[in-house]
1. Counting other beta carbons within 10 Å of each Cβ, put Glu55, Glu37, Glu218 in order, fewest first.
2. Please list 123-132, 277-286 highest first by mean number of surrounding beta-carbon atoms within 10 Å per residue.
3. I'd like to know which of Ile118, Asn73, Ile174 lies farthest towards the positive end of the charge dipole of the chain, counting +1 on Cβ of Lys and Arg and -1 on Cβ of Asp and Glu.
4. For Arg233, Arg351, what ranking results if the residue with the fewest other Cβ atoms within 10 Å of its Cβ goes first?
5. If the cut-off is a Cα-Cα distance under 23 Å, which lysines reach Lys151, setting aside same-chain residues fewer than 8 apart in sequence?
6. Helix by helix, which DSSP H runs in the chain go 18 Å or more along their axis at the Cα atoms and have an average Kyte-Doolittle hydropathy of 1.6 or more?
7. Based only on the alpha carbon positions, what is the Kirkwood hydrodynamic radius of region 281-363, in angstrom?
8. Which percent of the Cα-Cα distances in region 214-339 go past 18 Å?
Amino acid sequence: MNIKQIPLNDLHVALGAKMVPFAGFNMPVRYSSDLEEHMAVRNSVGVFDVSHMGEFTLKGPQALDLIQRVTSNDASKLVDGQAQYSCLPNDKGGIVDDLIVYKIKDEDYMLVVNASNIDKDWNWISQFNTHGVSMKNISDDICLFAVQGPKAVATLQKLTSADLSSVKYYHFLISKFAGIDNVILSNTGYTGAGGFEIYIHRDHAEKIWNAIFDAGKEFNIKPIGLGARDTLRLEMGFCLYGNDIDDTTSPLEAGLGWITKFTKDFTNSAALKKQKETGVSRKLIGFKMIDKGIPRHDYVIKDEAGNSIGKVTSGTMSPVLGIGIGLGYVTTEHANPGKEIFIDVRGRALRALVQKLPLIAKE
């Protein structure tokens, strides 16, 4: 498979990043250490180059109808300048992808999808585009920087006259930023540490990257790799497509009932509604280790009698808590917070406790 490069590939190499193939792209996994980068985001500010993500524009009188048809959340509730977390259900009870829907204005939307699913999502949505919605895949032209952490707004505010503190969570504005017009500044991110995601044309990427780092110097701003991105999202209990949700997991099993709105018809909505009424047989849980050990993807989860009750989908050592944490699917009767479960770590049954998400206190 051809590994693609993000526009600032050479800059990351020059910064000393360890580059690895991820979702079909050569991506920075770390610059210093995962721990150092994780704590920089939790305590100050860090920047992720997530330009591998996919972006589609949908325009025209039928754009909203198409979005309503293919996504589980209710996009008719969006106002201009608002974003919405959603998913694309498939016709078999699973999930094609999770995504964010941006409403620029009436008849003008942007969808942001996972890098590994760009072609899959494009083909999936296109098959339902029977009413002439103008669809454009602009993924190769767009760079995306996630500037995250408690000092993110103070850093970015130096580069724009727009009042970033007035932008509510999951809202965005389009403004002049670092001297460049029409930059999307979105109060979103996958870290739970606060901050903005910045969408720019690739031609301006290096200028804007450098401007952000100059602005954040006083806060000891750092570039952050995919390693810390994973530990940060796991502490919050955010799903990663391909690990915690996929073509075989239902949004209801994954705890995504809140983005599954039965006030409208969408792909497989009748079957999902029935599933909601009858109840699911397994659920995605968060857990913290009691015994010392690090849970990993695909480790078996057991009950106290040693019976297999599920599998770990994501696991790591939490830098904030200093203990192993994870997500996984278990049978519904073992999914209640406070329930003791056992993780099979190389043949040893280590104790863990089911926890409410997020796994660390919200900041």
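1. Ascending Cβ contact count within 10 Å gives the list Glu218, Glu55, Glu37.
2. Descending mean neighbour count gives 277-286, 123-132.
3. Asn73
4. Listed from fewest to most nearby Cβ atoms, that is Arg351, Arg233.
5. Those lysines meeting the cut-off are Lys168, Lys176, Lys207, Lys217, Lys222, Lys362.
6. Helices meeting the criterion: none.
7. 12.2 Å
8. 60 percent
Bear in mind these aren't lab numbers, they're just calculated from the coordinates by the rules spelled out. For clarity, every value in this text was computed on a predicted model and none was experimentally measured. Reconstructed Cβ throughout: ideal geometry from the backbone, glycine too, with neighbour counts over all protein chains shown.
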